[in-house]
1. Can you list residues from other chains, or at least 5 along the same chain, whose modelled amide H is less than 5 Å from the amide H of Phe161?
2. For Lys21, list the lysines whose Cα falls under 25 Å from its own Cα; do not include residues on the same chain fewer than 8 positions away.
3. Go ahead and set up a Gaussian network model of the chain, Cα springs under 10 Å, then flag whichever of Gln57, Gln153, Gln104 fluctuates most.
4. Could you report region 99-147's accessible area per residue, 1.4 Å probe, as an integer in Å²?
5. Pop out the carbon and sulfur fraction of the accessible area of region 9-168 as a percent, whole number, probe 1.4 Å.
6. Calculated from DSSP H runs of 4 or more alone, at -39500 (n - 2.57) each and per residue, what is the 222 nm mean residue ellipticity of the chain, nearest 500?
7. If you build a Gaussian network model of the chain, linking Cα atoms that sit under 10 Å apart, which residue out of Thr135, Thr151, Thr33 swings the most?
8. Run the 1.4 Å probe and let me know the accessible area of His68, rounded to the nearest 10 Å².
Amino acid sequence: MDIEKFLTSPTKEVAELVREKGPFVCVFPINGTRRWFLLEHPPQTWESGDFLSAYMQASVQRQIELFHLFFDHGIHTLMMPLFGPDLLERGESYLNMAAAALRQLAEDPVFLDFYREYGVRVRFYGDYARYLKGTPHAQLCDLFGQIARDTAQNNQFRLLFGVFGHDA
């Protein structure tokens with residue numbers, strides 16, 4: 001198939017072509033989301049007037065859209081390294097914001113509905129237990145385990161979130 005035909009093919013055809021070649025794994029490291037948010041959603045558009053609330057809401061929606069995009073186009077496993085020890089240097093307020101975002105991945109009904117609808121098995125990987133131990137965010141480890149158990153029966157797609165998964 002030539003490139004023009006491929007680029008104009010419907011999503012379902014692209015997904016079939018991808019799946020014919022076997023299960024594909026895609027690593028998609030997200031970075032610069034705050035910059036993206038400020039470019040796409042200037043302060044005058046924030047309903048709440050609060051940066052963090054507006055940012056979290058827009059980020060959740062965009063992540064779900066990206067998950068749809070990858071899985072609809074035939075990707076079987078999506079690995080997303082999210083948070084490493086270098087980000088701890090940004091301070092406690094940044095860690096609190098990151099912890100709130102990580103909590104959403106395991107608890108927010110928008111994510112949970114998506115996992116159920118698409119049959120997504122979710123796992124968190126990395127050395128997060130060691131880094132979170134003794135912090136106010138240690139309970140995230142339990143949440144990560146719970147969402148893995150809750151989605152273990154899902155078998156259409158896999159979504160792997162990296163938290164302190166920097167050391168291969």
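1. It is Met80, Arg123, Phe124, Tyr125, by chain and number.
2. Hits, sequence-local ones excluded: Lys5, Lys12.
3. Greatest mean-square fluctuation among the candidates belongs to Gln57.
4. Values: 2500 Å² over 49 residues.
Dividing the accessible area of region 99-147 by its residue count gives 51 Å².
5. Numbers: 4930 of 9350 Å².
Summing carbon and sulfur atoms, their accessible area is 53 percent of the total for region 9-168.
6. Values: 8 runs with 88 residues, N = 168.
That calculation yields -16000 deg cm²/dmol at 222 nm.
7. Highest fluctuation of the listed residues: Thr135.
8. Per-residue accessible area (His68): approximately 50 Å².
The values are calculated or read from the model by the stated rules, or taken from the named source; none is laboratory data. Model, not experiment: these values are computed from the prediction. Quick note on the areas: whole protein, heavy atoms, side chains included, nothing else; ligands and nucleic acids left out. Shrake-Rupley method; radii C 1.70, N 1.55, O 1.52, S 1.80 Å.
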